[in-house]
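S.K.: I'd like to ask some things about the structure below.
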Amino acid sequence: MENSEIAAVFEEVSNLMKILQEDSKWQFKAVAYDRARRAIESYPERLEDIVHDPDRKLTDIPGIGADLAQKIKELVETGRLEYHQAQLKKVPRSLLELLQLQTVGPQKVRLFNQELGVQSIEDLERAAKEGRLRELPGMSAKSEQNILKAIETFRRAAGRFRLDAAYETAEELSDYLRNSKWVEQVTAAGSLRRGRETVGDLDLLVTGSDHGAIADYFVKHSRVAQILAKGEDKVSVKLENDMQVDVRLLEAESYGAALQYFTGSKEHNVALRARAQKLGFKLSEYGLFKGEKSVAGRTEEEIYQKLGLPWIPPELRENMGEIEAAEKGRLPHLVELSDIRGDLQMHTHASDGHASVEQMAAAAKKLGYRYILITDHSKAVTVANGLDEKRAVENIRRIKAAREKVKDIEIWAGAEVDILGDGSMDYPDSLLKQFDAVVASVHSRMTRPGEEMTQRLLKALENPYVKILGHPTGRQILRRDPFNFDVEKVFDAARRLGVILEVNASPERLDLCDRHVKLAHDKGMKVVISTDAHRPEHFAFMRYGVITARRGWMEKKDVINTFTPQKLLASLRPSPE
Ligand code: DGT
Ligand code: CA
Ligand code: CA
Ligand code: ZN
């Protein structure tokens, strides 16, 4: 069992306590579970290993007393917690689902349930539409509107998975399929191949000698929970996490046509099919036909070529001008993962990271990087153990010392400095000037009105030590919408002042999103793709950032962390003398 799974159970236990409020000590107990959850989430070792090690004690972990240690042991050994299961029996699942809504915490769930008899999201929606929420203590017409918005966001997200989860599952299933003696090729198509930030279902395209045998083999995978359909050329299943997987069993002659068709998007396909018709062809998932005769189908390249077009990278296939650009020979030469030479946002032990400067530098060097910028949090971000001024100065010293230990890579001293509520920086200029570069980000007060947020960001950009605007919209995929602000205005100011916009590559953020990257691209702006790594393994997030930048039409020359160290430094706005 992973730490994150243990933490998730503890979080639910605490939420249930706050909803049920059963005994006089519920508040005290919930706080203990919350504290333990945070400790477990960020604990550098697997708790399961500690449980199985007779020489180690869980109670050595801060925030874990004898009782919680026993609970962790029970979870690890039996996969469940009796106490938690008993709690769950007292609260309907549909009521617990309200917690998935933004701005709805356990106290609100209790309030809605006790005062209005709300049992589900549908009940809550009805109450909000009838104006019954605004009368409750702590609620208003505004917060009632926010609840309706949150329900809409929730419904849009329901049934979709984050790109990283989809990627990992697709890789696991593809490897499994390739292990079968009947399978020749496997490719993941659909929204995954286009690199969308969320994926509805997986579309795996398979060729091989015996379709029936492949289908039988596939449904035996241990993660398959339910078979939805099983036929000659298609198998559909649901996995244990509710993700749907469509496997298409294809002939090699039409593999390219199927890959083209099932990669989508639907909008791109519709436009391409119209073009085929205009040229006297018929395009389908089986091939490109002139009359009854197939003229292309084995590869995607030959299909595009017969339609008078160069091959179009899947990330561009959204019918957002890519067919016109291809026709004119003006497709962008998209940035690639192998172009990346460094990473400009990461955290270490000093704040909320899980590795030392040396460990991060060594890992970056292994990837062939030429430089890294260490960006621990500033003091306002207390939940991430942000550094006050004194500790920030020590951190600069620590970073410089690391240069002696890890050679052949530039280790720059930076910070991710909080943009405070009024747009000022969490550090004074006298400290900001000591960093090689500063990333400025918003981490608090994100629900302020749009006008206020815009002014706040504009003011932050005016600070001449701010080189990069970190995760500019604050969104978290499937969890938190971007905050309200005037995107055009802020981008225009960033361009005028020479502030680089970040494409945060962490798969829970991907911020800027593809559309905003395209907007920056169309304005002729450059971006930086940064992983926001909290441990060396997180450097692998770079691929999600690159794919997002590609969806925004970015080329190597538009992404500053493809540059040499000298060129990169020269492309940041100059600090005052
Ligand atoms: P998703 O799964 O919601 O993240 O998005 P996709 O794009 O993977 O969509 P999906 O799985 O429904 O279908 C895969 C591809 O198959 C889609 O991108 C394009 C193609 N496709 C599916 N239905 C249609 C259709 O009705 N017309 C056309 N032209 N193409 C379709
Ligand atoms: Ca799909
Ligand atoms: Ca599908
Ligand atoms: Zn941040």
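Every number here is computed from the coordinates shown, using simple stated rules; none is lab data. Here the structure is a predicted model, which means the values were calculated and not measured. Note: ideal-geometry Cβ built from the backbone for every residue, glycine included; neighbour counts use all protein chains shown.
S.K.: Looking at (1) out of contact with any His (no Cβ under 6 Å at 6 or more places or on another chain); (2) within 16 Å of ligand 4 (Cβ to nearest atom); (3) of a type in the set (Lys, Arg), can you tell me which one Arg509 breaks?
M.R.: (1)
S.K.: For Tyr261, only one of the following conditions fails: (1) closer than 24 Å to Thr207 by Cβ; (2) over 32 Å from the mean Cα position of the chain (by Cα). What is its number?
M.R.: The number of the failed condition is (2).
S.K.: Based on this model, can you work out whether Glu12 counts as surrounded by fewer than 15 Cβ atoms within 10 Å (Cβ to Cβ), among the acidic types (Asp, Glu) and under 30 Å from the mean Cα position of the chain (by Cα)? Give the derivation first.
M.R.: Details: surrounded by fewer than 15 Cβ atoms within 10 Å (Cβ to Cβ): no; among the acidic types (Asp, Glu): yes; under 30 Å from the mean Cα position of the chain (by Cα): yes.
So Glu12 does not fit the description; no.
Let's see how each residue does on (1) within 16 Å of ligand 1 (Cβ to nearest atom); (2) farther than 25 Å from Pro449 by Cα; (3) not charged (D, E, K, R):
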| site | (1), (2), (3) |
| --- | --- |
| Arg391 | no, yes, no |
| Ile399 | no, yes, yes |
| Glu404 | no, yes, no |
| Lys407 | no, yes, no |
| Ile411 | no, yes, yes |
| Ala415 | no, yes, yes |
| Gly421 | no, no, yes |
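S.K.: Here's another thing I want to ask about it. In this structure, does Asp514 turn out to be over 16 Å from Val559 (Cβ atoms) and touching a residue at least 12 places away in the same chain (Cβ under 8 Å)? Let's see the steps before the verdict.
M.R.: Details: over 16 Å from Val559 (Cβ atoms): no; touching a residue at least 12 places away in the same chain (Cβ under 8 Å): yes.
Answer is no for this residue.
S.K.: Right, here's the next one. Considering only region 324-344, I want to know if a residue exists there that is of a type in the set (Val, Ile, Thr) and either touching a Cys at 6+ places or on another chain (Cβ under 6 Å) or over 20 Å from Tyr544 (Cβ atoms) (or both).
M.R.: No, region 324-344 has no match at all.
S.K.: Kindly provide the set of residues from region 501-525 that are buried (at least 21 other Cβ atoms within 10 Å of the Cβ) and of a type in the set (D, E, K, R), ordered by number.
M.R.: Glu502, Arg509, Asp511, Asp514
S.K.: Is it the case that some residue within region 56-73 is among the hydrophobic types (A, V, I, L, M, F, W, C), within 28 Å of the chain's Cα centre (by Cα) and closer than 30 Å to Ile477 by Cα?
M.R.: Within region 56-73 (the criterion being among the hydrophobic types (A, V, I, L, M, F, W, C), within 28 Å of the chain's Cα centre (by Cα) and closer than 30 Å to Ile477 by Cα), the answer is no, since none of the residues qualifies.
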